[in-house]
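The values are calculated or read from the model by the stated rules, or taken from the named source; none is laboratory data. Given the structure is predicted, the values throughout are model-derived calculations rather than measurements. Here the Cβ positions follow ideal geometry from the backbone for every residue, glycine too, while neighbour counts run over all protein chains shown. All accessible areas refer to the heavy atoms of the entire protein, side chains included, with ligands and DNA or RNA removed. Shrake-Rupley method; radii C 1.70, N 1.55, O 1.52, S 1.80 Å.
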Amino acid sequence: MQWFQNTIRLPAFRRGFHLVTDKIEEAVPEIGKIQIGLTHVFINHTSASLTINENADPTVRADFETHFTKTVPENAPYYEHSYEGSDDMPAHLKASILGSSVTIPIANGKLNLGTWQGIYLCEHRNHASGRKVTITVFGE
Amino acid sequence: MQWFQNTIRLPAFRRGFHLVTDKIEEAVPEIGKIQIGLTHVFINHTSASLTINENADPTVRADFETHFTKTVPENAPYYEHSYEGSDDMPAHLKASILGSSVTIPIANGKLNLGTWQGIYLCEHRNHASGRKVTITVFGE
Amino acid sequence: MQWFQNTIRLPAFRRGFHLVTDKIEEAVPEIGKIQIGLTHVFINHTSASLTINENADPTVRADFETHFTKTVPENAPYYEHSYEGSDDMPAHLKASILGSSVTIPIANGKLNLGTWQGIYLCEHRNHASGRKVTITVFGE
């Protein structure tokens with residue numbers, strides 16, 4: 001049984017959905033030592049999130065941004081929490097709809113993602129610094 | 001490698017979003033024995049859910065309730081499953097949108113949550129008893 | 001500490017929400033050897049997803065399909081990614097809203113699901129082949 005944990009800061013991204021699979025893999029090369037296991041990626045913030053989706057066509061990621069902005073609106077008349085900016089409350093809601101972590105199987109020293117799967121950093125604020133993520137790798 | 005599991009019943013909460021980080025931590029003091037690991041919190045119900053979000057301003061949690069009630073309506077004309085009350089089918093939908101579990105890294109004997117992160121029990125029914133959650137702590 | 005991993009292909013399902021708890025359990029009989037642990041079920045695709053919800057009345061699953069089709073529309077005028085069919089972009093969005101994996105506690109050799117909980121395979125495409133899922137079982 002082996003355990004590794006690394007907390008990194010991803011670079012600042014503009015609002016939207018961004019592929020970060022490579023950056024996650026580079027941060028935990030110990031995945032290569034594990035035959036069967038899991039990788040857990042956790043974002044230590046409440047206005048950005050993580051999800052797994054299509055890793056090829058950038059229009060998919062653009063449509064994610066458009067769709068979530070339509071369905072989780074800014075300046076909704078029913079928001080009470082508005083003093084941190086019009087993008088703040090929708091950011092919290094999107095973060096919980098999408099989730100704060102992803103867990104991915106490891107098989108034979110590699111992330112066992114499907115052909116079209118990649119990890120997205122979902123940045124929901126208009127102006128954010130780099131986001132801290134904690135990656136935990138474990139298995140045998 | 002250490003494993004601990006505890007099933008607890010949270011107190012009954014009114015419909016809405018409620019911070020339960022303290023109650024979870026109190027149920028598994030064994031987190032303190034683990035240097036690297038994970039805590040998995042699972043709700044054993046289908047009309048309440050768990051998520052991680054902002055732990056400070058109560059208006060955030062009030063806005064969660066308002067937003068999800070707007071976007072997952074009661075008495076939608078397209079619901080077939082209506083005999084358990086107008087809050088039942090929306091409760092099931094919200095439970096799957098938000099999720100039935102959260103997984104949080106452990107570092108140096110503590111939950112490695114961000115400064116503003118807390119665990120929410122999301123109660124989607126108008127009248128519910130306390131909810132059963134199963135907490136699994138593992139690591140080394 | 002024990003680890004088991006099995007990748008299976010579920011049968012092709014029509015678009016909608018389908019109970020697959022039995023098929024998952026059959027694929028990993030090693031759950032029976034574990035007193036405390038977790039089962040992680042991961043779908044290796046980006047247009048289908050996994051969730052946990054009510055395992056009894058089929059109208060709940062029908063309402064899931066209706067609700068998600070209403071709220072994540074086909075042919076939204078704002079989609080740029082449309083060349084793979086009108087059901088493709090909504091399928092990606094639904095997959096991230098619902099999630100690509102579920103993690104369930106194991107207690108005394110069994111999945112520790114609540115009385116009314118089952119695992120759903122959520123098929124978001126109109127015509128799909130069987131879906132690959134990777135099941136990882138670990139514990140002691």
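A simple spin-label model places pseudo-atoms 7 Å from Cα toward Cβ; at A:Met1 and A:Asn126 they are separated by 4.9 nm.
Centre-to-centre, using Cα atoms only, the range C:90-111 and the range A:39-108 are separated by 18 Å. Across peptide C:74-80, the mean count of Cβ atoms from other chains lying within 10 Å of each residue's own Cβ comes to 3.
Taking R0 as 41 Å, what FRET efficiency do you get between C:Thr66 and B:Glu26 from their Cβ-Cβ distance, rounded to the nearest 0.05?
Numbers: r = 41 Å, r/R0 = 1.00.
That pair, C:Thr66 with B:Glu26, gives E of 0.50.
For the protein assembly as shown, the Kirkwood estimate of the hydrodynamic radius, built from every pair of different alpha carbons, is 21.2 Å. Inter-copy label distances at B:Ser82, shortest first and taken from points set 7 Å along Cα to Cβ: 3.4, 3.4 nm.
Pairs exceeding 31 Å between alpha-carbon atoms, taken from B:Lys33/B:Lys94; B:Lys110/B:Lys132; A:Lys132/B:Lys23; A:Lys94/B:Lys110: B:Lys33/B:Lys94.
With the simple model of a label 7 Å out from the Cα in the direction of the Cβ, C:Ala12 to C:Gln35 spans 4.7 nm.
For Cα pairs less than 8 Å apart in space and 6+ apart in sequence, what is the mean separation divided by the residue count of chain A, i.e. the relative contact order in percent?
So the answer I get is 54 percent.
The three principal axes of the Cα atoms in the range A:5-140 give end-to-end lengths of 52, 28, 22 Å, sorted in falling order. The angle between the Cα long axis of helix B:88-98 and the longest principal axis of the Cα atoms of chain B comes to about 40 degrees, rounded to the nearest 10. Compared with the dominant Cα axis of chain B, that is its longest principal axis, helix B:58-71 is turned about 40°. Take each residue in C:113-126, count the other chain C-beta atoms within 10 Å of its C-beta, and the mean is 2.
Interface between chains B and C: roughly 2600 Å² of accessible area buried, both sides summed (probe 1.4 Å, protein heavy atoms only).
Taking only protein heavy atoms and a 1.4 Å probe, what accessible area per residue, in Å², does the protein assembly as shown have with all protein chains in place?
Per residue, the protein assembly as shown has 36 Å² of solvent-accessible surface.
3J(HN,Hα) couplings calculated from phi for the range A:24-30 with the Karplus curve 6.51 cos²θ - 1.76 cosθ + 1.60 (θ = phi - 60°) are, in sequence order, 5, 4, 5, 7, 9, x, 4 Hz; Gly and Pro show x.
Would you mind calculating the relative contact order of the range C:26-97 from Cα pairs under 8 angstrom and at least 6 residues apart, reporting the percent as a whole number?
Values: 35 pairs, mean separation 26.5, N = 72.
Reported as a whole number, the value is 37 percent.
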